[in-house]
Structure formats: C-alpha cells, structure tokens
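Visitor: Below is a structure I'd like to ask you about.
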Amino acid sequence: MVINFTGDGKGKTSAALGIALRASGWGQRVAFLQFIKGYKEVGEIKATKKIDQIEIFQYLDDRQIGIDKPRANHQRSIPRVLKHFREILESKKYDLVVLDEINNAVEYGLLKEESIIPLIKKHSEIDFVLTGRKASRKLLAIADLVTEMRKVKHPFDKKIPAKKGIDF
C-alpha cells in the first residue's frame, strides 16, 4: 500500500504518525524518515522513544519548527537521506516506511521522483506513507490512497504560535 497525505491543510504528519502507531500496535516495525525536518524537541520523537517498533530518523539539526523554503543544509542532507532509505529497504527490517515531507523535498527541487519511485515499486512488500504539500503528479500516480488536507482555517492566520502537543 502506498499512501500520500498532501495539501495545504494541517495534519499530514499527524495522520502518518497515526498509521505508524496503528502498525506498531500489530507488532510491525516502522521507519519514519523526516525529510527537511530537523528539530529534535517535538512530541513525535519524545513519544516514539517509548515505542520500540517505531524509529524516527532526521538528517539535519535544525532549531526551526516549521517547513520553509529549502536552505543549504537541506540540500546537503538529501544524499544521506537517500543512502539511508536504500539501506532501510534492503534491510527488510521494516513493514512500514514513512517519507515525511518528501512531497516538499520534490517540490523544492531537493530530489527527483526518479530517485524514490523505483525503490517504492521494487519493495512492494513494504507499505509506504508519503507526506507534504504539493505532491507531484508522479507521486500521486503511484499511490493507492491519496488524501488531500485542505486548509479551511488555521491559527497561524491569526498569528497564534505553534502549540506544544498540537503542532509539534
């Protein structure tokens, strides 16, 4: 199964975390790769330290919570992410692999779909969840399930800051 959570609304990573939690409840092993994100003081990292079946991987150290335009450190992290992604797939250790913010990484030109899609197709025994705004047509085409999160209203529009436990 390939799932893609996309759109400008909140909840894409949260939905992926929900699937990861559900999979772990069935004893499945989950690799949660966070493209672009590098902030360590987030609830999902704190929570999953208590769940042996879920491992979250970040590839840069970033004090920024939000996803913004790519910077040089994002570009430098991509080869490490791709190398680790291949190692994870070849290890056959994981039942579910989440590629968090991969849609953004493709949209920002940090990587090409061609570096990801063949790997996903080759490993049909693994379930995948892809997240991020503006999923490309190619990433949508390989998905079995696509959910678009559409922003109707958001506290950020009223300058309400990110809230611990809700946004991070």
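Visitor: Filter the stretch 141-167 for residues that are part of a loop (DSSP other than H, G, I, E, B), of a type in the set (A, V, I, L, M, F, W, C) and out of contact with any strand residue (DSSP E or B) (no Cβ under 8 Å at 6 or more places or on another chain) and give the result.
Guide: Matches in the stretch 141-167: 152, 160, 162, 166.
Visitor: Quick check: is even one residue across the stretch 32-43 farther than 23 Å from residue 163 by Cβ, in contact (Cβ under 8 Å) with a residue 60 or more places away in the chain and part of a strand (DSSP E or B)?
Guide: There is at least one residue in the stretch 32-43 that is farther than 23 Å from residue 163 by Cβ, in contact (Cβ under 8 Å) with a residue 60 or more places away in the chain and part of a strand (DSSP E or B).
Visitor: Within the stretch 1-44, count every residue that is under 12 Å from the mean Cα position of the chain (by Cα) and at positive phi.
Guide: Count: 2.
Visitor: For the stretch 13-46, give me the residue count where each residue is among the aliphatic types (A, V, I, L, M) and at pLDDT below 95.
Guide: Within the stretch 13-46, residues that are among the aliphatic types (A, V, I, L, M) and at pLDDT below 95 number 3.
Visitor: Looking at the stretch 94-112 only, could you name the residues that are among the aliphatic types (A, V, I, L, M) and in a helix (DSSP H, G or I)?
Guide: 102, 105, 106, listed by residue number.
Visitor: Next question. Is there a residue being in contact with a Ser or Thr (Cβ under 9 Å, 6 or more places away or on another chain), closer than 23 Å to residue 127 by Cβ and not in a loop (DSSP other than H, G, I, E, B) anywhere in the stretch 59-74?
Guide: No - not one qualifying residue is present in the stretch 59-74.
Visitor: So which residues in the stretch 113-140 are assigned to a helix (DSSP H, G or I) and surrounded by 13 or more Cβ atoms within 10 Å (Cβ to Cβ), if there are any at all?
Guide: 113, 115, 117, 119, 120, 138, 139, 140
The values are calculated or read from the model by the stated rules, or taken from the named source; none is laboratory data. Since the structure is predicted, the reported quantities are computational estimates derived from the model, not experimental observations. Because the Cβ atoms are built from the backbone with ideal geometry, glycine has one as well, and the counts that use them run over all protein chains shown.
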